[in-house]
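Values quoted throughout were computed directly from the atomic coordinates according to the rules given, and no laboratory measurement underlies them. Given the structure is predicted, the values throughout are model-derived calculations rather than measurements. Cβ placement follows ideal geometry from the backbone for every residue including glycine, while neighbour counts extend to all protein chains displayed.
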4 protein chains.
Amino acid sequence: MLLRREAQAFRLPMAGPDDASGLVALVEDGALDPALIVAILGKTEGNGCVNDFSRGYAVSALRAALGRWLDAAALDRIAMVMSGGTEGALSPHMLVLAARPAPPNAAPGPALALGRCVTRDLAPYEIGRPAQIALAAEGVRAAMADAGVDEPETVHFAQVKVPLLSAAQIAAGGTAAADTLKSMGLSRGAAALGVGVALGEIDEADAMAAAVGAAPLWSARASCSAGVELKGMEVVVLGMSPAWAGPLRIDHAVMADGLDTDPVRAALRRLGARFDGQLPPHEAARVRAVLAKAEAPRSGAVRGWRHTMLDDSDISATRHARAFAAGALAAQIGHAALFVSGGAEHQGPDGGGPCAILYDASDKDSQ
Amino acid sequence: MLLRREAQAFRLPMAGPDDASGLVALVEDGALDPALIVAILGKTEGNGCVNDFSRGYAVSALRAALGRWLDAAALDRIAMVMSGGTEGALSPHMLVLAARPAPPNAAPGPALALGRCVTRDLAPYEIGRPAQIALAAEGVRAAMADAGVDEPETVHFAQVKVPLLSAAQIAAGGTAAADTLKSMGLSRGAAALGVGVALGEIDEADAMAAAVGAAPLWSARASCSAGVELKGMEVVVLGMSPAWAGPLRIDHAVMADGLDTDPVRAALRRLGARFDGQLPPHEAARVRAVLAKAEAPRSGAVRGWRHTMLDDSDISATRHARAFAAGALAAQIGHAALFVSGGAEHQGPDGGGPCAILYDASDKDSQ
Amino acid sequence: MLLRREAQAFRLPMAGPDDASGLVALVEDGALDPALIVAILGKTEGNGCVNDFSRGYAVSALRAALGRWLDAAALDRIAMVMSGGTEGALSPHMLVLAARPAPPNAAPGPALALGRCVTRDLAPYEIGRPAQIALAAEGVRAAMADAGVDEPETVHFAQVKVPLLSAAQIAAGGTAAADTLKSMGLSRGAAALGVGVALGEIDEADAMAAAVGAAPLWSARASCSAGVELKGMEVVVLGMSPAWAGPLRIDHAVMADGLDTDPVRAALRRLGARFDGQLPPHEAARVRAVLAKAEAPRSGAVRGWRHTMLDDSDISATRHARAFAAGALAAQIGHAALFVSGGAEHQGPDGGGPCAILYDASDKDSQ
Amino acid sequence: MLLRREAQAFRLPMAGPDDASGLVALVEDGALDPALIVAILGKTEGNGCVNDFSRGYAVSALRAALGRWLDAAALDRIAMVMSGGTEGALSPHMLVLAARPAPPNAAPGPALALGRCVTRDLAPYEIGRPAQIALAAEGVRAAMADAGVDEPETVHFAQVKVPLLSAAQIAAGGTAAADTLKSMGLSRGAAALGVGVALGEIDEADAMAAAVGAAPLWSARASCSAGVELKGMEVVVLGMSPAWAGPLRIDHAVMADGLDTDPVRAALRRLGARFDGQLPPHEAARVRAVLAKAEAPRSGAVRGWRHTMLDDSDISATRHARAFAAGALAAQIGHAALFVSGGAEHQGPDGGGPCAILYDASDKDSQ
Ligand SMILES: [Ca+2]
Ligand SMILES: [Ca+2]
Ligand SMILES: [Ca+2]
Ligand SMILES: [Ca+2]
């Protein structure tokens, strides 16, 4: 019991991409030791596509704020995963995940376990290709080792932040994608295939031979987002482990489409939530995070009805998909401070995506 | 019993704004007598804002298609209410409402009742001002008379299509709004106040003195949308009446915000639906239409969490709000062929809006 | 001299996509015989991309308006080429081109000559591939024959309206493009290669072997635009011919990029215009049409300075490029009722495009 | 002659909003003393409207980069004016203006003179109202004093960066604007009226009584842009002064609309440029900066032809106007690294705006 760790999760509102004031207050109040931060996942209010500078701006502000306590090497060890796009009522916020030595009276596990890994940089020609798949799998395994999670089936969420190609890199030739927006999808897709390989969901040979973005292979636990502000991949793994203690639990569901909320309701019930329609406030307060992926079905229809997301030249399909799935999930949870991320290539089936839930089971454990 | 009428409701997919093929097929198959059509409500796939030509294009196509059977005067009597914007998975479709003599074996009422009215044209200076409020109230009363509904409390939905100001009209001076997008909101708001007056929800003197768009007055049953393609207002009233027969029922709820779906679930249960999470397919099949209004709260927050809809200069707030509320409602119903319309000024509270449901209670009546 | 024809060109403002009132007035005033219309080129105010319904709406309105005088077969013979997108100050307008028997006193030629052709429908799998290149070349040759123009070098402009793929067609598989927007570029590019082949600018074998959209092959006189509202290709050829009479002349330039206006100024001078900076009003009045193509350079830079058009996920690059080139050209001509069309794949060099000018040389001829 | 100053102007490309590498290189190479920087004007690649974080991100990066040499107080003295929006081929870049003691051999004046001022913060209720007009006038006078320019007629450009209202401030009530985008225009307009007062172009009493945004009063030399990242106003004044030396000159023109480039050509010629169509490269190299304002005419037309900028709900009118005017100006200058800023309320006439040019007259002076 001496070496048990306990995960902490804080959800903090952001008044703008550069607002790290909530995080600073947590540290100043003594509620969080900055040296123990494993990852910061943020929803920032850009377009979530190529020219979304809200992500880089947020990372820059976080590094400046934490720079009061941490040196550059320590900052580099924190996975900062900013996902752009707060469509609909989605609220800009960050989720700060930390790992501390479990206090003696911590609730016994199994409990939420955290691990991370930053991979080497990808060359432009590797993005969206087998080299990225292999590197992502390697990164997930390293993050599992960091978390002390050995069993792939106890991993419920693997977040991978991936790079995309710039117009200049594409113009230089040899890349898998001919435009920047397309490269975001290929990069997310390759990383998701890598997650599936590492978690035993996808056969390695199948993944390596797959047409990225088109093959019907998927992971139920991968969540990948792309941003201009990095060259390598940042992996964060969340699972359940008997080596971790405390009240936090995690489970996941797969949504077959953006309105497929019954699996999410089932996961909430497995975690211990009791509710009829929408979660009542006391249950909503236990839900520390909802991490979901959304996308427009390539089939052109949802439940047999045509959608227009892929034919809309004014608004990117990812933005439509995030807004819609956010509404579906918010209707279950009772608010929209949700981490709904777009572009779910090989993350859940076509048109759908994984959804993970962090839940505080305090007191319920003893029931 | 000789004079009983029966309402018919058909929900038809549209492959594009100019697709009237479903309607033509209904007529050719003998399922619908075009002379009995009261109203056609369409969700078309434009931006739902000023330069949304999908609405006018749809009306043009509908008139051309129905022109095979109806003359211009008969076409003019059909309220054609096109609401632009199929954000998220919202599916372009039309809802065709007709009133036929009830067959002798029709289920006894009270049942869905339909009425309509087209008002005189509004002068540019009247839009968004008391003259429009009064005219809308007059139009609702005329539509109620047309439906044979005397009691305001048995009206569950009053759809008003309103004109907006063009840049040229604004440049000419004397108008209530200084830009076209703003004029859409004022025009919707004034019409909603008029509905509230006619339905006994808002005191007439209060409405006339109200700052349109700002005053905390609202109707629980108004649904107003704006379009460039008309100069007057088209009113359609849906209620329950003992003078009507058949299996169709209507009820309504007020959503306090875009994710407030529990009142909708309660309305579904009042109509006879039985379900736990999402409607099962056999119940979803009974829901003939969902007619809802969505908007971004002016307060800047939803359930205490900041939203970014009103600060987004790339996507209009109405588009964000429709996508989000559509997700919330689709998660209840099981598909996204929903009539979710944006801009809910004085239609439900700030940030929220009314939601009406048409339900086929066949067989359930005798239970 | 008995068989000489004379081209007519009318530029008419449009108050909306469905505004054919200017055309109707021309006919009613006796200035135009509708049976002699060869082509109508329109700039309509949609986004010019996939979900631009302003094009189809305009065609629908034109057919309805001309239907007073022409039967369906006659309507089908008129090439109706609507190009969406009136960015910047570009003004929605149509250019009506007609061919009448030259009056005895018509100025002698060579003068503007017109020809047209509508090809067979393309199958989805042909779009963007050699079959489309060959069909476009065939269409140009047919249009030249229709114009009575034998020499490819006397053709100054070949407008081709091309189809694009729908999301449903792409989902069905076997197509050259994986998304609808991409299919617009491939379809335009294949048609432009076909024009180049027909006009002797591009070697046929090179064109057939070319990577459409990437190969450094281009026509100086092709102008291709895509729209959902057709399945085949509509070709209009404009040239100079001694068999035609009257005051109208045409010449063309190639802009190396969106601000390369000196070649346009040189073409204006070749046509007879006299000016220092911007055209003075009496010269601007002689310019009956400016037909130009604009696009964002794939290189990522214009004159060595980085541009952001291809990295912008809020506004399509075609919209940026049209607005910018429109400004450059309007600064030469003196107004913005210009036919600037986006997407210039194989139409002029990367980042640039052809620009043709119709000029009324009345009186100047005798100088 | 001992106290003569010399202005320096550097135009530096930016690879992204956070790219200060060009500036750092200038300092490291010894070409620029950071302590002498007066102002940095940047064109950044956001939408230029409310949620444009590229401006704040750029300021943050500039402060971090210059923080190697300057303390916070010295950084605060540099006016950092970021204008968002690089539509069309506009290139993200910054213009660094510095004032150094003139070297003994500097060309004699009059030459470009620089001055600056940062005003106190504005309260939300002051924005767009007389208090802001008066404060802007005061700021211009202070900046003139800082530049040593006494005569208002020798001021050719007064750049004012102004704050805007947030949705939260508007929700709190008492503000002049009801939405954030509208507040940008009112804030720019009030500042421009203040410039006009200070420069003797507008009568003070008229300005104070004017309906901001509507009154037909304007300055020929004001350039105002709005951003979320400041609360006060930053004023930079550029003029010609005999107390300054060196080869840099400034002059200005007023464009009556976005394509009115002949006045700009005349200003270039007054500055000494020789050219026929577009500036030849050796003349373009002398143009150190073009600072222009663009906007959509409220009249709804440009040179009698309808424009669609104000009816477009997909793209803000400011973005259309910038792209178009940028094309017009780039066609004169020969590239698009131009500081074209949107929203020209009371800056030039309705639909038009001022345009100032910095020109290096080296060698020409002695002619
Ligand atoms: Ca998926
Ligand atoms: Ca409301
Ligand atoms: Ca080209
Ligand atoms: Ca102006």
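Quick notes on this one:
- Summary value for chain D: 21 percent relative contact order, contacts being C-alpha pairs under 8 angstrom separated by 6+ residues.
- Built amide H within the under 5 Å cut-off of residue C:116, gap 5+: C:146, C:147, C:237
- In this structure the amide hydrogen of residue D:50, modeled in the peptide plane, comes within under 5 Å of the amide hydrogens of B:313, none closer than 5 places in sequence on its chain.
- For the pair region C:2-25 / region B:33-111, the C-alpha centres are spaced 34 Å from each other.
- Extent along the principal axes, Cα only, for region C:288-340: 35, 23, 13 Å, with the longest axis given first.
- Region A:113-238: antiparallel DSSP beta bridges as a percent of all, rounded to 5: 65
- Charging the Cβ of each Asp and Glu at -1 and of each Lys and Arg at +1, and nothing else, the dipole of region D:248-366 about its Cα centre rounds to 240 debye.
- Rg(Cα) / (2.2 N^0.38 Å) computed for region B:247-366, rounded to two decimals: 1.09
- For the protein assembly as shown, share of DSSP beta bridges that run antiparallel, in % to the nearest 5: 70
- The other copies place their residue D:270 label points at 3.7, 7.2, 7.5 nm from this one, listed shortest first, where each point is 7 Å from Cα along Cα→Cβ.
- Nonlocal amide H pairs with residue B:288, under 5 Å, H built at 1.01 Å: B:358, B:359, B:360
- Dipole-positive endmost among B:353, B:258, B:285 within region B:247-366 (Cβ charges, Cα centre): B:285
- Exposure proxy for C:180, B:261: other Cβ atoms within 10 Å of each Cβ, ordered fewest to most, give C:180, B:261.
- Region D:142-170-region B:299-367 distance, computed between alpha-carbon centres (Å): 45
- Region A:5-101: mean projected area of Cα convex hull, nm²: 6.1
- Inter-copy label distances at residue D:232, shortest first and taken from points set 7 Å along Cα to Cβ: 4.4, 6.0, 7.1 nm.
- Counting only Cβ charges, +1 for Lys and Arg and -1 for Asp and Glu, the dipole size of chain D around its Cα centre is about 300 debye.
- Other residues within the sphere of radius under 14 Å centred on the Cβ of residue A:114, judged by their own Cβ, net out at +4 (K and R +1, D and E -1).
- Relative contact order of region D:248-366, pairs being alpha-carbon contacts under 8 Å that are 6 or more residues apart, as %: 46
- Which of D:293, D:231, B:43 has the fewest Cβ neighbours within 10 Å, and the rest in rising order: D:231, B:43, D:293
- Region A:5-101: antiparallel DSSP beta bridges as a percent of all, rounded to 5: 70
- Net charge dipole size for the protein assembly as shown [Lys, Arg +1 and Asp, Glu -1 on Cβ; Debye, nearest 20]: 0
- Where N is the number of residues in chain A, Cα Rg divided by 2.2 N^0.38 Å: 0.92
- Shown here is the pair-distance distribution of region B:113-238: with all Cα-Cα distances grouped in 10 Å bins from zero up to the longest one, the shares run 16, 49, 29, 6, 0 percent.
- For the protein assembly as shown, the extents of the C-alpha atoms along the principal axes are 95, 81, 72 Å, listed from largest to smallest.
- Dimensionless Rg ratio for region B:141-189, taking C-alpha atoms and the 2.2 N^0.38 Å reference: 1.63
- Other copies of residue A:125: label-to-label distances in nm, shortest first, labels 7 Å along the beta-carbon direction: 3.3, 6.6, 7.3
- Normalised by the number of residues in region A:236-275, the mean separation of alpha-carbon contacts (under 8 Å, six or more apart) gives a relative contact order of 33 percent.
- Phi-based couplings in Hz for region D:346-355 (Karplus 6.51, -1.76, 1.60; Gly and Pro marked x): 6, 10, x, x, 3, x, x, x, x, 9
- In terms of surrounding Cβ atoms within a 10 Å radius of their Cβ, D:346, A:335, A:156, A:282 rank from fewest to most as A:282, A:335, A:156, D:346.
- Calculated mean residue ellipticity, 222 nm, chain A: -9000 deg cm²/dmol, from DSSP H runs (n ≥ 4) at -39500 (n - 2.57) each, averaged per residue and rounded to 500.
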